[in-house]
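Report on the structure given below.
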Amino acid sequence: MSEVVSYENKGNIGVISVNNPPVNALAQVVREGILNAVTAAQADASKAIVLRCEGRTFIAGADITEFGKPPREPGLPVVLDAIENSAKPVIAAIHGTALGGGFEVALACHYRCAVPSAKVGLPEVKLGLLPGAGGTQRVPRIAGVEAALDMITSGNPIGAGKAAEMGLVDEVVKGDDLEAEAIQYAKRLVESGAPLRRIRDITIDPATIEPGFFDNARKQLARRARGQIAQDKIVSCIEAAVKLPMDEGLQRERELFRELLTSPESAAMRHIFFAERQASKIKDLPNDTPVRDINKVAIIGGGTMGGGIAMCFANVGIPVVMLEINDEALQRGIGIIRKNYSITVQKGKMSEEQMEQRIASISGTTNYADIGDVDLVIEAVFENLELKKEIFAKLDRVCKQGAILATNTSYQDVDAIAAVTSRPQDVLGMHFFSPANVMKLLEVVRGAKTADDVLATAMQIGKKIGKVCALSRVCYGFIGNRMLGGYGREAQMLLLDGCTPEQVDSALEGFGMAMGPLAMSDLAGLDVGYKARQSRTDLPDDPKLYRMGTLLVEMGRHGQKTGSGFYKYDPATRARMNDSEVETLIKEEAEKLGIKQRQISNEEILARCFYPLINEGALILEEGIAQRPSDIDVVYVFGYAFPVAKGGPMFYADQVGLKNVYDKICEFRDRYGEDYWKPAPLLKKLAEQGKTFAEWGVENG
Ligand code: CAA
């Protein structure tokens, strides 16, 4: 039939097999192959048609690499029409993940069977899109409007069992051989004279939908949109499924899909999809680099960070030993873990039994001798280089040969830590983000002597515990925290120049940041930055620098934990409120420092906060700290809640235009001096050449 789609009549059941590794994406050859096979099956002796896939999964969606290129015939809707209009029943046989266009193919079939481990879903929203081949019209017809809205706006896949309860799957098969089971199921359907069931023939009674349902849904989704525009259009499509006949609904869906496909938001989100996958690949490491077995892990330090990291491993069934200095600290640590799991149980996302199982896989000790047999140690004590060195010297004495020794430091020199051991090749940084059991990012920090198999193992185990991994070389703060310096600095400088805390934070939240930098400092504790600054000798001697943060700490306003910082907080709800006392204080300080306050635009706030980040990113690339510009984007989206719809700081800079970014930085340099605004040579070079970071990334392999 074609290289990737074959067709065979097996005992009067036509079997179409798709074989387009790795995920059977609906590339043009697949669409054409399925269309030809369905057409051929109409003319032979087959009584029904099974559509199945080879390899690890059913069709996992459109081929995302084709988006943005000129469309090639046949389009997916034509293929789905052929399936739906087949004179013989077509049965989808699902294993792995039937996602996006793949699930839409299955929905156009007359029946769907699946293995119990299969998942189905419409994740297009995660790419800034909506299902463009009938998903928004068929799911509400079969599973109901509310379920459809939830499934399509969340993009989260659903297991076969639940999908069967919702009517999205007709038969969950028992045996191991899906093809044989699907053929049997098809035969049973033929023998029982089962009709050609087309989801399009179902109509939804508009009277069953509460008045205002769609407007409420829009409002709720807008609250967490953070610059994403697809959710709103998905609501419009589902509304069309209720109010319009199928063909008109499909047409509406297609129009809105096309609008999204050319939107900058979707381009940014597709960039992040591929960036995430690329970030886990280490340029100079062959794909077949061996990895070490990780069957048991030790965590040094049972504080918030250590506890969160322990949970990551317990969640995937890897036993953990948590080491603390005394029993009291140990019990406190285990107590926090139990409390965190209990919240998940209360939300109905985990059973009591699962919680107990996970807690049982975390044991505690105060004795280093008890961790001699572990395969990986992650040190997560507070940020003190001497303490960390002491711990690594002990680990070197007690840990078995071949154990990987990782530090969760956010700033410290991984090479200096490795140097106190006799095995620096086994040492690296594994930098988790707080709360470690929730945040997706893991910065894997490569020391000068870290062995290849240690790096490969860290990347693999990171993926196993559900993290998105990005590689950094050693420098102060690695990729993420190093870049953050200028962002936080400018947020405070803007106050002296005339902004209120609210103005700064709202501008950045309006851009899509989950929380503005000043509110974030209040959450983290203003005293944390204050203490960190005291030990730094590299900061310019400038009374303006972090002036407001310093003053607030000295007034006892440490942020949320003391009830006030840049804002004041409602003691009961923790709601943040503007504080006129702070606003007056800012004005007084500006006057003392001789700063003439002025009106500042949101545009300037964004440039002042983001351009230092981008400039530092350029330095990080030049120095080889990050492997690629897109790795930096991954770090910011998954570790710092940079809006995915903006694609990360380096992608955003490319959209703004590097010449514009460079010119603005030069303007700020002329206004505020070189201490803070010194254009990175790479940024200057690319701006002058009219190039983008993305192009530089491709050229530098
Ligand atoms: N198109 C093109 N390439 C894809 C792809 C797709 N839809 N899905 C995955 N790939 C590629 C990945 O980029 C990766 O390539 P490399 O090995 O070169 O890095 C490879 O396939 C394997 O992917 P993963 O590493 O992600 O493998 P996994 O086993 O961890 O996960 C998966 C598999 C769950 C299918 C995951 O890849 C995934 O979620 N894919 C995207 C699914 C999706 O979004 N589908 C909807 C597409 S939009 C659509 O269908 C619109 C429409 O309505 C027509």
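Key figures
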{"read-out": "Residue check, Ile202 among the β-branched types (Val, Ile, Thr), open to solvent by 40 Å² or more (accessible area, probe 1.4 Å) and within 26 Å of the chain's Cα centre (by Cα)", "value": "no"}
{"read-out": "Lone unmet requirement of (1) among the hydrophobic types (A, V, I, L, M, F, W, C); (2) within 26 Å of Gly128 (Cβ to Cβ); (3) open to solvent by 20 Å² or more (accessible area, probe 1.4 Å) for Leu619", "value": "(2)"}
{"read-out": "Residue ranges of strands (runs of 3 or more DSSP E) in the range 325-417 with at least 1 members farther than 25 Å from Ala448 by Cβ and open to solvent by less than 30 Å² (accessible area, probe 1.4 Å)", "value": "362-365"}
{"read-out": "Looking only at the range 166-190, and only at residues there that are among the aliphatic types (A, V, I, L, M) and in a loop (DSSP other than H, G, I, E, B), the one that is nearest to the ligand (Cβ to nearest atom)", "value": "Leu168"}
{"read-out": "Test: residue in the range 155-172 that is touching a helix residue (DSSP H, G or I) at 6+ places or on another chain (Cβ under 6 Å), within 30 Å of Phe511 (Cα to Cα) and either open to solvent by less than 40 Å² (accessible area, probe 1.4 Å) or polar (S, T, N, Q) (or both)", "value": "yes"}
{"read-out": "Positions within the range 444-460 being surrounded by 18 or more Cβ atoms within 10 Å (Cβ to Cβ), over 17 Å from the mean Cα position of the chain (by Cα) and among the aliphatic types (A, V, I, L, M), in sequence order", "value": "Val445, Ala451, Val454, Leu455, Ala456, Ala458"}
{"read-out": "Residue in the range 454-471 that is more than 16 Å from the ligand (Cβ to nearest atom), in contact with a Phe, Trp or Tyr (Cβ under 9 Å, 6 or more places away or on another chain) and within 16 Å of Ser410 (Cβ to Cβ) present", "value": "no"}
{"read-out": "Residues (small (Gly, Ala, Ser) and either open to solvent by 40 Å² or more (accessible area, probe 1.4 Å) or touching a residue at least 60 places away in the same chain (Cβ under 8 Å) (or both)) located in the range 427-443", "value": "Ser434, Ala436"}
{"read-out": "Answer from Asp293, Asp284 - the residue that is part of a loop (DSSP other than H, G, I, E, B) and within 30 Å of Gly624 (Cβ to Cβ)", "value": "Asp284"}
{"read-out": "Selection count, the range 49-60, where residues are within 13 Å of the ligand (Cβ to nearest atom) and part of a loop (DSSP other than H, G, I, E, B)", "value": "6"}
{"read-out": "Residue match in the range 660-667 (condition: open to solvent by less than 70 Å² (accessible area, probe 1.4 Å) and either assigned by TED's automatic domain parsing to the domain that holds Leu471 or not in a helix (DSSP H, G or I) (or both))", "value": "no"}
{"read-out": "Members of the range 547-574 found to be open to solvent by less than 40 Å² (accessible area, probe 1.4 Å) and within 32 Å of the chain's Cα centre (by Cα), listed by number", "value": "Gly549, Gly559, Gly563, Ser564, Gly565, Phe566, Tyr567, Tyr569"}
{"read-out": "Yes/no for Ser46 being assigned to a loop (DSSP other than H, G, I, E, B), away from the ligand (no atom under 14 Å from the Cβ) and not aliphatic (A, V, I, L, M)", "value": "yes"}
{"read-out": "Inter-residue pairs, beta-carbon under 8 Å, first at positive phi and in the range 565-585, second open to solvent by less than 50 Å² (accessible area, probe 1.4 Å), 6+ apart", "value": "Arg574/Gln560"}
{"read-out": "Qualifying residue in the range 375-389 (condition: farther than 30 Å from Asn481 by Cα and of a type outside the set (D, E, K, R))", "value": "no"}
{"read-out": "Residue within the range 550-561 that is assigned to a helix (DSSP H, G or I) and modelled with pLDDT under 95 present", "value": "yes"}
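The values are calculated or read from the model by the stated rules, or taken from the named source; none is laboratory data. Bear in mind the structure is a predicted one, so any value in this text is a computation, not a measurement. Quick reminder, even Gly has a Cβ in these numbers, built from the backbone with ideal geometry, and neighbours come from all protein chains shown. Note: areas computed on protein heavy atoms with side chains; ligands, DNA, RNA excluded. Shrake-Rupley method; radii C 1.70, N 1.55, O 1.52, S 1.80 Å.
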